[in-house]
Amino acid sequence: MAQQQESADSEVEPSADALEGAEAAEALGSTSEARGWRRLLQVPWLVLATVVTTAATWGCTWLLTSATEADPIAISFTSDPQQIAGSPSAGRQMLIPPTQRTVGTPGAGCDGFHAWGVANHAVDSGVTTVQIIAQGQTDSAVLIRAMKIKVLAKAVPLQGIATVCATAGGVSSRGLATNLDDIQPEVSYSGAEGSPFGFTLAKGETESFNLTATAEAGYYRWQIVLDTVVDGKPQSLTIGPAQGFETTSGNSNAPAWSWNWKDSWSLTGVPGRAETVPAGSPLTVIPH
């Protein structure tokens, strides 16, 4: 597998004060106006951070991490719940930059909600689920012995246009999980009879597993690292977009625009205020 070199420690832990004005961009790395996550000085309650733009479709398509037959493992991944069995889009929240003029609609149901959000530069709010498919490519078995989380950057929670696709129930998760709010996020594994995480891949053998990452207290850019052993030699393989998956804290009870699965958005979480926006019309930030 084409491995990504470990760079100098890029993790930052800026305080709220450090995120004022232009320093917010500096704390989170190179910026892009296209994402719209930027400080609006005329709205003092709105704290915004600028994040690096990744391909507009990385969150809704399968990406191949390994590209050559010489690599020991071929890995593909996706973070679009619609493409992950057991991880429905219904009930998921996404946060859109406040300067983004929303376009298009999620379509019928919730299957297109995540792809619509990505097209509008949204970030997962509260939960990100990643499905990874790994296939052995060498004559020697490859041992995958551990999965780790590498936090590239962290900051105060983003603020913006909150959206959700309505559901009658909660979103369930099983298997691999991590809490991004932890000082050093670790991956917990619910294996058969409490078995630890770890398995081997023979040539042509395929394994699939889901990782659910949650956040309640901040904004994070992060990647997944697999510790492997190939022919007795340890290797670390990095999974994720170059600038990382993006997750900001979420609150299911906070005000949001809720998609009705068909043709309109309804304002939720604001007592005494009822408002509906037709599908295709721009959504706005909801004052708290």
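The values are calculated or read from the model by the stated rules, or taken from the named source; none is laboratory data. What you see is a predicted model; the values in this text were computed from it and never measured. A quick note on method: Cβ atoms are made from the backbone with ideal geometry, for glycine too, and the neighbour counts reach across all protein chains shown.
Report, by residue number, each residue of the stretch 174-185 that is surrounded by 12 or more Cβ atoms within 10 Å (Cβ to Cβ) and modelled with pLDDT of 80 or more. Scanning the stretch 174-185 gives L176, A177, T178, N179, L180, D181, P185. Hey, among the residues in the stretch 218-254 that are assigned to a strand (DSSP E or B) and among the aliphatic types (A, V, I, L, M), which one's farthest from V151 (Cα to Cα)? Ranking the candidates gives V230 first. Being over 21 Å from the mean Cα position of the chain (by Cα), at pLDDT 95 or above, of a type outside the set (A, V, I, L, M, F, W, C) and not in a loop (DSSP other than H, G, I, E, B) is a condition met by no residue of the stretch 203-217. Comparison of S89, S76 shows that the only residue that is in contact with a strand residue (DSSP E or B) (Cβ under 8 Å, 6 or more places away or on another chain), modelled with pLDDT under 95 and assigned to a loop (DSSP other than H, G, I, E, B) is S89.
Which residue, of A162, A153, is more than 17 Å from F245 (Cα to Cα), surrounded by 14 or more Cβ atoms within 10 Å (Cβ to Cβ) and at pLDDT 95 or above?
Exactly one residue qualifies, and that residue is A162.
Among the residues of the stretch 229-281, those identified as among the hydrophobic types (A, V, I, L, M, F, W, C), within 30 Å of G198 (Cα to Cα) and surrounded by 14 or more Cβ atoms within 10 Å (Cβ to Cβ) are V229, V230, L237, I239, F245.
If only residues of the stretch 92-113 that are in contact with a strand residue (DSSP E or B) (Cβ under 7 Å, 6 or more places away or on another chain) and within 11 Å of K262 (Cα to Cα) are counted, the one that is modelled with the highest pLDDT is P106.
Note on the stretch 98-149: among residues that are free of Cβ contacts under 8 Å to residues at least 60 places away in the same chain and under 20 Å from the mean Cα position of the chain (by Cα), the one that is nearest to A217 (Cα to Cα) is A122.
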